[in-house]
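Trainee: Please find one structure pasted underneath; my questions will follow.
The values are calculated or read from the model by the stated rules, or taken from the named source; none is laboratory data. Keep in mind that what you see is a predicted model, and the values were worked out from it rather than measured. Methodologically, a virtual Cβ is constructed for each residue, glycine included, from the backbone with ideal geometry; neighbour enumeration extends over all protein chains shown. The accessibility values were calculated without ligands, DNA or RNA, using every heavy atom of the protein model including side chains. Shrake-Rupley method; radii C 1.70, N 1.55, O 1.52, S 1.80 Å.
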Amino acid sequence: MAQVSASRWQRKKDARPSEILDAALTLFVEKGFSATKMEDIARAAGVTKGTPYLYFQNKEEIFKAMVRHHLSSRLNAFVELEQQHTGPVGELLQILLLKWWDEVGATPAAGLCKLAIAEATNFPELARFYSTEVISPCLSMIEHILRRGMDSGEFRVLPIASSSDALLAPLVMAMTWAHSFAKVVPDVCGYSHQYSRAHLSEALQLVLQGLKNPTYEN
């Protein structure tokens, strides 16, 4: 009986870091990073005031841990997918960007994008961390894919920076909007800005049409 109780206690202890990160993510996105206190996180996670400090030194470390968990790890997996893909490059871009929506954009983790933008000037160290962990690797991967498309002749000669922005803008807009204006202004200009997978797929198709080399034959 004692062994069973010890096993349950260990499982609960192992789950605490994730519970703390989930609670912190909700509070950071809703209240802002500066307005959220460690004791608020503990209360939301259902643990004692000092428990978060057993796993994380401060709020900054919590932010970094959630970025690594939700975003950096997925980007690493996406790089592997990109390396393994042997089909058309346009198809690869669609797979990766819609997969990001499924795994991040349509989940609470999308709030990290809005949070990073909103708090960048207030917490420049965290902004630099987010840039290093998320923005730079993402842009590097997209750049590599675009050059791969140009080398194969599938894409026309492209301005890399502008093309990368055009591909990522709908996704960034959707994640930011969902955790800002959509909360208070769901309808703009008479129609709903409720972003969905289909909405993003349509936007991506428009951009891909502009990237394609009209003389390319697969």
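Trainee: Give me the net charge for the shell around residue 89: Cβ to Cβ below 15 angstrom, other residues only, Lys and Arg +1, Asp and Glu -1. Each step should come with its number before you reach the end.
Mentor: Working: positive: 147, 148, 156, 212; negative: 82, 91, 143, 151, 154, 217.
Counting the neighbours of residue 89, the net charge comes to -2.
Trainee: Something else about it: Find, among the trypsin sites (Lys or Arg not before Pro) in region 47-103, those assigned to loop by DSSP (not H, G, I, E, B) with at most 13 other beta-carbon atoms within 10 angstrom. Don't skip to the end; give the middle numbers.
Mentor: On the way: sites: 49, 59, 64, 68, 74, 99; in loops: 49.
Here the sparse-neighbourhood loop sites are 49.
Trainee: Output needed: percent of Cα pairs per 10 Å distance bin for region 72-218, bins running from 0 to the one holding the longest distance.
Mentor: 10, 38, 34, 15, 2
Trainee: Another question about this same structure. Carbon and sulfur together cover what percent of the accessible area of the chain at a 1.4 Å probe radius?
Mentor: It is 55 percent, rounded to a whole number.
Trainee: Kindly flag which residue pairs out of 59/114; 31/59; 37/99; 49/183; 37/114 have an alpha-carbon separation exceeding 24 Å in this structure.
Mentor: Working: 59/114 17 Å; 31/59 14 Å; 37/99 33 Å; 49/183 30 Å; 37/114 19 Å.
Among 59/114; 31/59; 37/99; 49/183; 37/114, the Cα-Cα distance tops 24 Å for 37/99; 49/183.
Trainee: Sticking with this one: Give the Rg/Rh ratio for region 12-158, taking Rg as the radius of gyration of the Cα atoms and Rh as the Kirkwood radius, to two decimals. Could the numbers behind the result be given before it?
Mentor: On the way: Rg = 18.0 Å, Rh = 16.8 Å.
Taking Rg over the Kirkwood Rh, I get 1.07.
Trainee: Right, another one. Calculate the tail of P(r) for region 37-88: the fraction of all Cα-Cα distances greater than 18 Å, expressed in %.
Mentor: Values: 657 of 1326 pairs.
Counting pairs separated by more than 18 Å, the tail of P(r) holds 50 percent.
Trainee: Continuing with this model, one more query. Could you work out how much longer the chain between residue 35 and residue 206 gets when fully extended? Use 0.36 nm per residue separation minus the Cα distance between them, nm to one decimal. Numbers along the way, then the final one.
Mentor: Details: separation 171, 0.36 × 171 = 61.56 nm, distance 3.99 nm.
Difference between extended and current length: 57.6 nm.
Trainee: Moving on to the next point. Rounded to the nearest whole Å³, what is the per residue volume of the convex hull around the Cα atoms of region 57-144? Each step should come with its number before you reach the end.
Mentor: Working: hull volume 8.2 nm³, N = 88.
Here the figure is 93 Å³ per residue.
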